[in-house]
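Sending over a structure as structure tokens; questions will come in a sec.
Values in this text are rule-based calculations from the coordinates and carry no lab data. Note that this is a predicted model, so its numbers are computed, not measured. A quick note on method: Cβ atoms are made from the backbone with ideal geometry, for glycine too, and the neighbour counts reach across all protein chains shown.
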Protein chains: 2
Amino acid sequence: MTASVSSPAERRRNKIRARILTAAERVFAREGADGLSIRRLAENIDYSPAAIYKYFKSKDELVDELKESFFELLLENVHRIADRSTPFAERARDCVATYVQIATEKPYHYAAAFTGQALTSGPVDSEPGFENSKKGQAFYVLRSMIEEGVSTGVFRKDVDPALAAKSLWASMHGLTMMIVHIPTFPALNPAQNTLSRQDFILFHADQMIRGLEANDG
Amino acid sequence: MTASVSSPAERRRNKIRARILTAAERVFAREGADGLSIRRLAENIDYSPAAIYKYFKSKDELVDELKESFFELLLENVHRIADRSTPFAERARDCVATYVQIATEKPYHYAAAFTGQALTSGPVDSEPGFENSKKGQAFYVLRSMIEEGVSTGVFRKDVDPALAAKSLWASMHGLTMMIVHIPTFPALNPAQNTLSRQDFILFHADQMIRGLEANDG
DNA sequence: AAATTAAGGTGAACAGTGTTTACTTTGTGA
DNA sequence: TCACAAAGTAAACACTGTTCACCTTAATTT
């Protein structure tokens, strides 16, 4: 207990860390993890490449922080919609639309957040502490919304919210990835004319929700 | 018109090309595109790294061929199910399940096929000739199945098969990617006990199909 | 059959990458 | 002031995809 909780040295350190992160963010958003090289990054902030390793253990750790802040942004936005007092159906649709919207605005962030971890890595110990990650929290917003739908009778009584949330999440994720990877989606061909992206997102959301609804109209 | 359509030289060339591809396939299936290096590959087949470039313009081109053959396999399997004469509902479910099954068996192939192209690349000229690609053909199997569902009255009359197919494809894609990237999925935590993967796939398929069904029953 | 052309194969190099090591400078706390 | 830790660096290590000049071998043409 020598100094204040935030010593000058510590604050200075955090400042530089932040400077590195914002410089990294700019490049990552435009070119992704492959486009972001430690050497280029070091040059941008007038440091030697090795200096970065005094602030981050590895490039992966640096990129992980970018991804985590992105999911914080995503969570905030979805939460804001979920907390509205608009009718349930509308609110649910808007949540899905917002998730897809925010995600596709920063495609590299979103894709990297899932693509990141090694694919065939052992089934043990993956995602430690998922519940406390931003990604995890975003999922639980989804789950509680489905719980509301079930308890108010909009959805079938026999749907398991936890299960349904995963299914819904997968569908949202799929649409997002499609848009992210196929620039023209929902058009599959540059020439094809179809629904606008926004309308398609709403259509997809409707489709998902319809799968949960009690079909007595 | 000097020789036969397949000259000895040509056949020899194709043989070596195939040898390279099968060696590449083995590594790619286990470690993905990043794990597959030209140098390691060259060593495996007792050639110099430069030799590979006499058979493939670039590593990307080589990997593209691996991806295309994978989608050929995927298409074959889905087609086999789609051509069955089992009841419609069952057949549809099995198609979805097979798609996810095959895809998750070769996670790197599947993920790379979508992740491959540059993310923010201009909206023009992406995916030239989608209709003729294996990926495109797989999509059209889906579309015609939905057409069958609509015409036989299982699905709502107002669903646009082309649109619904895209929505369904996105949902399938999402589940596949979830399984591919989260080793424990549908469990989100190693400790969590939930539906088996196979059962979850069927649940998800049900959910999707329910979204299309005419709800008078 | 001889000469010419094309294809197959190679070692070395170019331009990158993430990361580590040994070293120097700088700043802080005792 | 002195000692110790933190910050910063140049240079190297071990890689990567790719290209170039060069040589050998096979196929074609004269």
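Assign unit charges at the C-beta atoms only (+1 for Lys and Arg, -1 for Asp and Glu), then state the dipole size of chain B relative to its Cα centre in Debye, rounded to the nearest 20. Walk me through the intermediate numbers first.
Numbers: 27 positive and 28 negative charges, 174 e Å.
It works out to roughly 840 debye.
Within the set A:Lys157/B:Lys106; A:Lys106/B:Lys67; B:Lys67/B:Lys166; A:Lys57/A:Lys135; A:Lys15/A:Lys134, which residue pairs have Cα atoms separated by over 28 Å?
Details: A:Lys157/B:Lys106 37 Å; A:Lys106/B:Lys67 26 Å; B:Lys67/B:Lys166 21 Å; A:Lys57/A:Lys135 23 Å; A:Lys15/A:Lys134 23 Å.
As for pairs spanning more than 28 Å Cα to Cα, those are A:Lys157/B:Lys106.
Now, a different point. Per-residue ellipticity at 222 nm for chain A, helices alone: DSSP H runs ≥ 4 residues times -39500 (n - 2.57), over residue total, nearest 500 deg cm²/dmol? Write out the running numbers ahead of the final one.
On the way: 9 runs with 143 residues, N = 217.
That comes out to -22000 deg cm²/dmol.
How many Cβ atoms of partner chains, on average, are near each residue of B:158-171 if near means within 10 Å of its Cβ? Each step should come with its number before you reach the end.
On the way: counts 0, 2, 3, 0, 5, 8, 3, 1, 11, 13, 4, 5, 16, 13.
The shielding value for this peptide is 6.
How big is the dipole moment of the protein assembly as shown about its Cα centre under a simple scheme where the beta carbon of each Lys and Arg is +1, that of each Asp and Glu is -1, and everything else is neutral? Debye, nearest 20, please. If you can, show how the numbers build up before the last one.
On the way: 54 positive and 56 negative charges, 301 e Å.
It comes to approximately 1440 debye.
Hey, can you grab everything whose amide H is under 5 Å from the amide H of A:Gly211? Only 5+ residues off in sequence or another chain; H modelled, so Pro and N-termini drop out.
Hits under the 5 Å cutoff: B:Gly211.
log10 I(q)/I(0), Debye, Cα-only segment B:173-217, no solvent, q = 0.15, 0.17, 0.29 Å⁻¹?
These q points yield log10 I(q)/I(0) values of -0.45, -0.54, -1.06.
Let me ask something else about it. If I fit a long axis through the Cα atoms of helix A:197-210 and take the longest principal axis of the Cα atoms of chain A, what angle between them do I get, 0 to 90°, rounded to 10?
60
In terms of the Cα gyration tensor, with a ≥ b ≥ c the square roots of its eigenvalues, is the protein assembly as shown rounded because a/c is under 1.5, prolate because a/b exceeds b/c, or oblate?
Details: a/c = 1.90, a/b = 1.02, b/c = 1.86.
Oblate, since a/c reaches 1.5 and b/c is not below a/b.
Here's another thing I want to ask about it. Output wanted: per-residue J couplings in Hz (rounded whole) for segment B:37-51, from phi through Karplus 6.51 cos²θ - 1.76 cosθ + 1.60, θ = phi - 60°, x for Gly and Pro.
10, 4, 5, 5, 4, 4, 5, 4, 9, 6, 10, 7, x, 5, 4
In addition: Between A:Ser48 and A:Asn193, what is 0.36 nm times their sequence separation minus the Cα-Cα distance? Round to one decimal in nm. Display every interim value, and only then the final one.
Details: separation 145, 0.36 × 145 = 52.20 nm, distance 5.01 nm.
Full-extension gain reported as 47.2 nm.
Take peptide B:199-207, look around each residue's Cβ out to 10 angstrom, count Cβ atoms belonging to other protein chains, and average those counts.
Mean inter-chain Cβ contacts per residue within 10 Å come to 4.
To the nearest µm²/s, what D does Stokes-Einstein give for segment B:140-217 at 37 °C and 0.692 mPa s, using the Kirkwood radius over alpha carbon pairs as Rh?
Answer, rounded: 238 µm²/s.
Shifting gears a bit: Could you tell me how far the Cα centroid of segment B:170-217 sits from the Cα centroid of segment A:41-63, in Å?
Centre-to-centre (Cα) distance: 40 Å.
Also, I was wondering about something else. Quick one: 3J(HN,Hα) in Hz for segment B:159-168, Karplus 6.51/-1.76/1.60 with θ = phi - 60°, rounded, Gly and Pro as x.
7, 7, x, 4, 5, 4, 5, 5, 4, 5
Once you have a ≥ b ≥ c as the square roots of the Cα gyration tensor eigenvalues for segment A:1-105, tell me rounded if a/c is under 1.5, and otherwise prolate or oblate according to whether a/b is larger than b/c. The partial results should precede the final answer.
On the way: a/c = 3.97, a/b = 1.71, b/c = 2.33.
It comes out oblate by the Cα gyration axes.
How many nanometers, to one decimal and shortest first, lie between the label point of B:Asp158 and those of its other copies, if labels sit 7 Å from Cα toward Cβ?
When each copy's label point is compared with this one, the spacings are 2.7 nm.
Once amide H atoms are built 1.01 Å from N in the peptide plane, which residues 5 or more positions from B:Phe155, or in another chain, come under 5 Å H to H?
HN-HN under 5 Å from B:Phe155: B:Val150, B:Ala214.
With r as the distance between the Cβ atoms of A:Ser37 and B:Lys157 and R0 = 35 Å, compute the FRET efficiency 1/(1 + (r/R0)^6) and round to 0.05. Numbers along the way, then the final one.
Details: r = 55 Å, r/R0 = 1.57.
Rounded to the nearest 0.05, the efficiency is 0.05.
Highest mean first, what order results for A:15-28, B:100-113, B:166-179 on Cβ atoms within 10 Å? Intermediate results must be reported in sequence, preceding the final value.
Details: A:15-28: 16.4, B:100-113: 21.1, B:166-179: 25.7.
So the peptides A:15-28, B:100-113, B:166-179, ranked by packing, come out B:166-179, B:100-113, A:15-28.
Let me ask something additional. Going by alpha carbons, how many degrees (0 to 90, nearest 10) lie between the helix axis of A:134-151 and the longest principal axis of chain A?
20
In what order do B:Lys67, A:Lys134 fall by count of nearby beta-carbon atoms within 10 Å, going from fewest to most? Before the final figure, lay out each step's value.
Numbers: B:Lys67 21, A:Lys134 18.
Final ranking by Cβ density, sparse to dense: A:Lys134, B:Lys67.
Can you list the distances in nanometres, one decimal and ascending, from the B:Ala191 label point to the identical position in each other copy, with the point 7 Å along Cα to Cβ?
Relative to the other copies, B:Ala191 has label-point distances of 5.8 nm.
Put +1 on the Cβ of each Lys and Arg and -1 on the Cβ of each Asp and Glu in segment A:57-108; which of A:Gln101, A:Leu62, A:Phe88 then has its Cα farthest toward the positive end of the dipole?
Ranked along the dipole, the leading option is A:Phe88.
For segment A:52-107, count all C-alpha to C-alpha pairs, find those more than 12 Å apart, and express that count as a whole percent of the total. Can you show the working numbers first?
Details: 1061 of 1540 pairs.
It works out to 69 percent of all Cα pairs.
Count, for each residue of B:178-186, the Cβ atoms from other chains sitting within 10 Å of its Cβ, then give me the mean as a whole number. Spell out each step's value before the answer.
Working: counts 8, 1, 4, 10, 7, 11, 6, 4, 6.
That average works out to 6.
Now for a separate question. Can you find, among B:Ala113, B:Val141, B:Tyr53, the residue sitting farthest towards the positive end of the charge dipole of chain B, where Lys and Arg contribute +1 and Asp and Glu -1 at Cβ?
Checking the options against the dipole of chain B, the answer is B:Tyr53.
Magnitude of the Cβ-charge dipole of segment A:142-217, K/R +1 and D/E -1, about the Cα centre, nearest 20 debye?
220
With θ taken as phi - 60° and the coefficients 6.51, -1.76 and 1.60, list the Karplus ³J(HN,Hα) couplings across segment A:171-184 in order, rounded to whole Hz; mark glycine and proline as x.
Values per residue, Gly and Pro as x: 5, 5, 4, x, 4, 4, 5, 4, 5, 5, 9, 10, x, 8 Hz.
Quick one: if you stick a label point 7 Å off each Cα along the C-beta vector at A:Arg84 and A:Glu131, how many nm between them?
Going by the 7 Å Cα→Cβ label model, 3.1 nm.
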